[in-house]
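*Asks:* Dropping a structure here in structure tokens format, bear with me for questions.
Here, each number is a calculation from the coordinates, and none is a lab measurement. Please read all numbers here as calculations on a predicted model, not as lab measurements. Cβ: placed from backbone, ideal geometry, glycine included. Neighbour counts: every protein chain shown.
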Amino acid sequence: MIICISSKGKDLNSEVDPRFGRCPYFLIINTEEMEKIEYISNESAMTAGGAGIQAAQTVTKAGVEVVITGNIGPNAFQTLSSAGIKIVTGATGTIKEILEKYDKDEFKEIQAPTVGSHAGMRG
């Protein structure tokens with residue numbers, strides 16, 4: 001399973017960023033090969049608008065099957081859902097802690113956005 005976690009940093013000790021569209025990095029983790037972890041800089045983090053859509057397109061191109069984040073807005077939610085990507089929200093703590101919780105099936109997929117448009121601009 002290839003998952004993406006919105007992150008404030010580039011490694012497993014980094015904190016989850018609660019914002020999907022405006023997080024600095026996406027950590028891409030293949031849960032079958034835990035040693036193979038890569039990060040993608042979120043080029044849309046500082047855009048004036050459309051950050052959620054652009055961020056969702058970026059992780060879709062990476063072949064992600066699941067996105068784990070703190071919150072997700074309607075545009076990113078729609079883009080990811082349309083691509084068949086499962087979305088999990090409510091994540092807090094380090095990337096390592098999130099992976100442990102995910103492995104124990106402590107997260108549930110959401111069926112709707114958790115914040116309104118432009119919520120990440122206030123964070």
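*Asks:* Between residues in region 44-62 that are over 13 Å from Gln78 (Cβ atoms) and residues that are of a type outside the set (A, V, I, L, M, F, W, C) and assigned to a helix (DSSP H, G or I), which pairs lie under 6 Å by C-beta distance while being six or more apart or on different chains?
*Replies:* Filtered contacts from region 44-62: Ser44/Gln54.
*Asks:* Output the residue which, of all residues in region 63-91 that are more than 12 Å from the chain's Cα centre (by Cα) and part of a loop (DSSP other than H, G, I, E, B), is nearest to Leu27 (Cα to Cα).
*Replies:* Restricting to residues being more than 12 Å from the chain's Cα centre (by Cα) and part of a loop (DSSP other than H, G, I, E, B), the top hit is Gly63.
*Asks:* Which numbered condition trips up Phe107, out of (1) assigned to a loop (DSSP other than H, G, I, E, B); (2) among the aromatic types (Phe, Trp, Tyr); (3) in contact with a Cys (Cβ under 8 Å, 6 or more places away or on another chain)?
*Replies:* (3)
*Asks:* Assess whether Val59 counts as being out of contact with any helix residue (DSSP H, G or I) (no Cβ under 6 Å at 6 or more places or on another chain), assigned to a loop (DSSP other than H, G, I, E, B) and β-branched (Val, Ile, Thr).
*Replies:* Answer is no for this residue.
*Asks:* Just the residues that are in a loop (DSSP other than H, G, I, E, B) and touching a helix residue (DSSP H, G or I) at 6+ places or on another chain (Cβ under 6 Å), please, taken from region 1-17.
*Replies:* Leu12, Ser14
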